[in-house]
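Below you'll find the structure, written out as structure tokens, and then a few comments.
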Amino acid sequence: MRALLVLTAAAAAAAPLAAQQDTRAQVQAMQYAPLRFQPPSPKRLSVAGVPVFLLADRALPTLSIQIRSKRGVAHLPDSLWGVGWQADNLLRTGGTTRLAPDSVDRLIEFYALQVNIFTDNDESGASVGGLARYRDQMLDLLFDMLKNPRNDSSRVRITAAQQEETWRRRNDQPGNVLGRAWAQVLRGDHPLGRSIVMPEEIAGFTPARFRWVQERIFCPQNLVIGVSGDYDERALLAKLESLFRGWTACAPGLREIPPVAFPQGPKLVYVEKDVNQTSIRMGHAGSIKVANTPDYFAAQVADFILGGSGFTSRMLSRVRSDSGFAYSAFTQWGSETDREDLFFAQAQIRAEKTVAGLKLMQEVIASMAKDPPTAQDVKLAQDNEINSFVFRFESASQIVGQQLGYALDGLPANWFDLYLRGIQAVTPAQVRDVTAKYLHADKLVTVIVGKSSGFDKPLAEIGEVTVLPVDGIKR
Amino acid sequence: VAPAQQPAPTPGEKLPVVEHVLPNGMTFLLLRREGAPTVSFVTHYRAGGVDEWTGISGTAHLFEHMLFKGSTSVGTKDLAAERALFPVIDAVADSVTEEFRRGALTDSGRLQRLRDRLKQLEDSARQFVVSNELDRILTENGAVGLNASTSSDVTNYFFSLPANRAQLWFVLESDRLKHPVMREFYSEREVVMEERRLRVETQPLGLLYEEFLQAAFRAHPYGRPVVGIASEIQAVSRNNALEYFRRYYGPNNAVVAIVGDIQVDTMKAWATRYFGDIPAGAEHKPVVTQEPPQRGERRIQVEFDANPSVLIGHHVPGAQHPDAPALAVLSQLMTGGRTSRLFQRLVIRDRVAAAINASQQPGQLYPRLMVFNGVPIAPNTTADIEKAVYEELDRIQREPPTEAELQKVRNQVEAAGIQRLTSNLGLAFQLSSSGALWHDWKQTFRDQAAQGRVTAADVQRVAKLYFTPSNRTVGTLVRPPKPQPTPTGTN
């Protein structure tokens, strides 16, 4: 892809060291030479009908292969969600029809390869990295694992036992309880709200069911591939051609992800856990999709200002720096290309400041309407995006990975250019409008995990409380 | 006697790192690399949790937070007004501490009034503060990864900048080192308390680890939590933090690594220009306390409403001891990957554990622990994990690792060595850390290479020497006993 040539202040030598003591003035007077940088563009090809992105980088004798699938666990029938969630684990540990599980492990560790396979809700992927001299071993092994999974029954039993233990430990940490309670309250039993496999699903683990899932997620029509590092292109392409030969086409049986019906706030849900710090998450439907639209870019800037940018954000400044209530506080205004996601704010606040902290978080969200972002606030977000753009192109594997993501999401190859231009065009009025339209501090759904007897005030002061017993969190 | 043959330099040792030491002792390790125009800065100070004195645990870490609060010019609207309030605030903070330290006799009403007053005063000082200005300047200039961390041995500060803005690091970093201001100190102390609750008090494994270290180290400060003991964090004063700074943050205790798209000569000139006028500080001296040999197994239990886990620790030497490479290889053979001995037995063969890991904790400078961390799968217990760990440690003394096992470790060492060269920040971390800990940026590369020369006999020897029951500390996480129903109708 092509990115911008930036775009900074006029060229000048380093500023003279005029006022040593006044560092702020010195920083303000500094001028920087323009950053001349043309990020390398991966070559896009097609092998056996599968899009392949190549980017050579011979600085080190290493090679990285990334495979991404546009299908994930949420595309499976509901009854196979648990199998899908562990299908990655079995691809990695269950062996292949040619190699026993132990042989796969031995090869990976002997050649010191980094193998990673994941099945997520929206999409899935697999990657291998290692020394370039093991190119054929890497490719042979990764393709064998994806094309011919054995799902050895001994490894299925191990996975089942481990998932049972994960289930047993599901309430041990407050963060896990908060995440699961939040998912249940906001998404019900929708597959996008699931993150733990239930015992009845574990009982349904069989090699055949894993195979059913794997061959529908990892099959040629779903895939894009990226290779970066030290390779000979001709030999690599010939190898890829041979590896795709005989890979069965995708079988039917998957579905589109069903829409989520997010609940309407205000709503207050309390989960009791005996800890001296309260975990709080509050939010509602985000109502924004990733797209080349003014609303999307304005929402990105709004989130930066509100809680997405760490110490410069309102949320962390107020809840941490000014009040000392929490170590961590942030917001996330989620969005996808094909669907809306959630907006939420989160913090862990000491028990005896729970209600004060919760009110403060609400107040900070409301401040976006009451005290709308200034031109200076917006400029900070824009400057940060523009000046940090180079960090998106630090390595060949990172650049290739980005292109794979754009290809899967249906975004154009020059999406990052469009993104930067979109962010640069945002005005304070647009940020004000987008927050007024989509963020509603009076309609938040709030989930609280902690011990109410240690709170500063009764939660009822904030609104009607629904108690969710920790064992009432289904997943 | 023939001179010992020096091993060939590793690829890491051959990196064209330029070492530039200022007259005040501050060390800069400069490495120009091809690639995107970015530059990473990592500074390690020889200042860690072990360097704290009695009663101020957590100060090294709290000071690390404070260094983000700015300087005499960054972060303030009116320095004189701010400073005028500091003695008033400190006096109230001292009163809070006095009341707090009365323990059982503390007047909780008075304590609360004093705390409210302290908060009120800091809030009034905040009118003169430009909140998080240092962060704002860096954010505006496209910095990424701005952070810091404190360990038992050292403290580090790091971020990356677009290469054309490298000078900004020199301006800001020298400013906060020369003119730090401990503004918003007492509210930041509260933030650190929340960090402690987040990482330790609400986390079963965090709590277990803290108490386990305290049990294993009775004399050496490796037993003290870096985040601090709760009561001591609440008593640390602004002056304590400044005193810690004065003792340990001399430029001669700092090693900076700058890696990326840089002009080495320009970096050298800026290093002199911005840091050259800082007077050298006291030389960092190693901790005098040594942990006496352990004479008998120690066992602790930590009660928490969570499922069981176990930590098994044996005292082993620090990272520069001649046995360190063999211990690192032993750790890999035991738990490094799915083909390792303990993983094969506990996770794959017997299905007793969901996870088993080994690492050497909590630092590198001083004698430490090799810690095995096991998570049982019910109905198996932590005792089952212990049994397997001891049997495998015993077995390796009888059955040496095979050549294939050792070759696997050598391959992993080689690949990891090359992998470490892939990112500016990762490389800067290694150079700066090695320079601070060992006064030699090449040492970490040599240590990694030394692991490749470990023999089966070396592994067996260290297994026999260190993994004895009397040298062991075991910590287990257990559920608290359920309260017994109160008998009724009796006295």
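Descriptive notes on the structure:
- Among the criteria (1) out of contact with any Phe, Trp or Tyr (no Cβ under 9 Å at 6 or more places or on another chain); (2) surrounded by fewer than 22 Cβ atoms within 10 Å (Cβ to Cβ), the one residue A:358 does not fulfil is (2).
- Checked against (1) closer than 30 Å to residue B:386 by Cα; (2) free of Cβ contacts under 8 Å to residues at least 60 places away in the same chain, residue B:426 passes all but a single condition, namely (1).
- Taking the stretch A:320-358 as the range and being in a helix (DSSP H, G or I) and within 21 Å of residue A:177 (Cβ to Cβ) as the test, the residues that pass are A:351, A:352, A:353, A:354, A:355, A:357, A:358.
- The one condition in (1) of a type outside the set (Val, Ile, Thr); (2) in contact (Cβ under 8 Å) with a residue 60 or more places away in the chain; (3) on the phi < 0 side of the Ramachandran plot; (4) at the interface with chain A (Cβ under 8 Å from one of its Cβ atoms) that residue B:197 fails to fulfil: (2)
- Qualifying helices (runs of 4 or more DSSP H) (wholly inside the stretch A:93-168; at least 3 residues being within 13 Å of another protein chain (Cβ to nearest Cβ)): A:101-110, A:153-168
- Considering each residue of the stretch B:167-184 in turn, none proves to be within 18 Å of residue A:324 (Cβ to Cβ) and among the polar types (S, T, N, Q).
- Pairs where the first residue, in the stretch A:257-279, is hydroxyl-bearing (Ser, Thr, Tyr) and the second is assigned to a strand (DSSP E or B) and at pLDDT below 95, C-beta under 9 Å, 6+ apart: none
- Test for residue B:12: is it modelled with pLDDT of 95 or more and either part of a loop (DSSP other than H, G, I, E, B) or surrounded by fewer than 18 Cβ atoms within 10 Å (Cβ to Cβ) (or both): no
Residues checked against (1) in a helix (DSSP H, G or I); (2) in contact with a Leu (Cβ under 7 Å, 6 or more places away or on another chain); (3) at pLDDT 95 or above; (4) hydrophobic (A, V, I, L, M, F, W, C):
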{"position": "B:161", "(1), (2), (3), (4)": "no, yes, yes, yes"}
{"position": "B:167", "(1), (2), (3), (4)": "yes, no, yes, no"}
{"position": "B:182", "(1), (2), (3), (4)": "no, yes, yes, yes"}
{"position": "B:195", "(1), (2), (3), (4)": "yes, no, yes, no"}
{"position": "B:211", "(1), (2), (3), (4)": "yes, no, yes, no"}
{"position": "B:227", "(1), (2), (3), (4)": "no, no, yes, yes"}
{"position": "B:240", "(1), (2), (3), (4)": "yes, no, yes, no"}
{"position": "B:244", "(1), (2), (3), (4)": "yes, no, yes, no"}
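- Cβ-Cβ under 7 Å pairs, at least 6 apart or on other chains, the stretch B:253-274 side within 11 Å of chain A (Cβ to nearest Cβ) and farther than 19 Å from residue B:430 by Cβ, far side among the polar types (S, T, N, Q) and assigned to a helix (DSSP H, G or I): B:270/B:167; B:274/B:174
- Residue in the stretch B:37-49 that is nearest to the other protein chains (Cβ to nearest Cβ), counting only those that are buried (at least 23 other Cβ atoms within 10 Å of the Cβ) and closer than 21 Å to residue A:33 by Cα: B:38
- Residue A:209 more than 20 Å from the chain's Cα centre (by Cα) and in a loop (DSSP other than H, G, I, E, B): no
- Exclusive hit being of a type in the set (A, V, I, L, M), over 18 Å from the mean Cα position of the chain (by Cα), over 28 Å from residue A:349 (Cβ atoms) and more than 13 Å from chain A (Cβ to nearest Cβ), set B:215, B:166: B:215
- Total residues in the stretch B:180-191, condition more than 8 Å from chain A (Cβ to nearest Cβ) and in contact with a strand residue (DSSP E or B) (Cβ under 9 Å, 6 or more places away or on another chain): 3
- The helices (runs of 4 or more DSSP H) found wholly in the stretch B:417-491 and carrying at least 1 residues that are more than 30 Å from residue B:145 (Cα to Cα) occupy B:443-451, B:456-466.
- Taken together, the criteria place residue B:106 among residues that are polar (S, T, N, Q), more than 19 Å from residue B:190 (Cα to Cα) and more than 14 Å from every other protein chain (Cβ to nearest Cβ).
- Picking from residues in the stretch B:407-430 that are under 16 Å from residue A:64 (Cα atoms) and within 9 Å of chain A (Cβ to nearest Cβ), the one that is surrounded by the fewest Cβ atoms within 10 Å (Cβ to Cβ) is B:416.
- Taking the numbered list (1) in contact with a helix residue (DSSP H, G or I) (Cβ under 8 Å, 6 or more places away or on another chain); (2) modelled with pLDDT of 95 or more in turn, residue B:432 passes all entries but (1).
- Per the listing A:163, A:173, the residue uniquely in contact (Cβ under 8 Å) with a residue 40 or more places away in the chain and of a type in the set (S, T, N, Q) is A:163.
- Output for the stretch B:218-248, where each listed residue is within 12 Å of another protein chain (Cβ to nearest Cβ) and free of Cβ contacts under 8 Å to residues at least 60 places away in the same chain: B:230
One line per residue, one yes/no per condition, for (1) touching a strand residue (DSSP E or B) at 6+ places or on another chain (Cβ under 6 Å); (2) surrounded by fewer than 16 Cβ atoms within 10 Å (Cβ to Cβ):
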site	(1), (2)
A:403	yes, no
A:413	no, no
A:417	no, yes
A:433	no, no
A:438	no, no
A:454	no, yes
A:457	no, yes
A:472	no, yes
A:475	no, no
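- Pair list, Cβ under 6 Å, 6 or more apart: the stretch A:312-339 residue within 7 Å of chain B (Cβ to nearest Cβ) and closer than 19 Å to residue B:139 by Cα, other residue in a helix (DSSP H, G or I) and of a type outside the set (A, V, I, L, M, F, W, C): A:312/B:135; A:312/B:136; A:312/B:139
- Filtered residue count, the stretch A:169-203, keeping only those that are outside any helix (DSSP H, G or I) and farther than 29 Å from residue A:95 by Cα: 6
- Scope the stretch B:147-163; condition facing chain A (nearest Cβ under 9 Å) and surrounded by 23 or more Cβ atoms within 10 Å (Cβ to Cβ); matching residues: B:160, B:161, B:162
The values are calculated or read from the model by the stated rules, or taken from the named source; none is laboratory data. If you're wondering where the values come from, they're calculated on a predicted model, not measured in any experiment. Here Cβ is always computed from backbone atoms with ideal geometry, including for glycine, and neighbour counts include all displayed protein chains.
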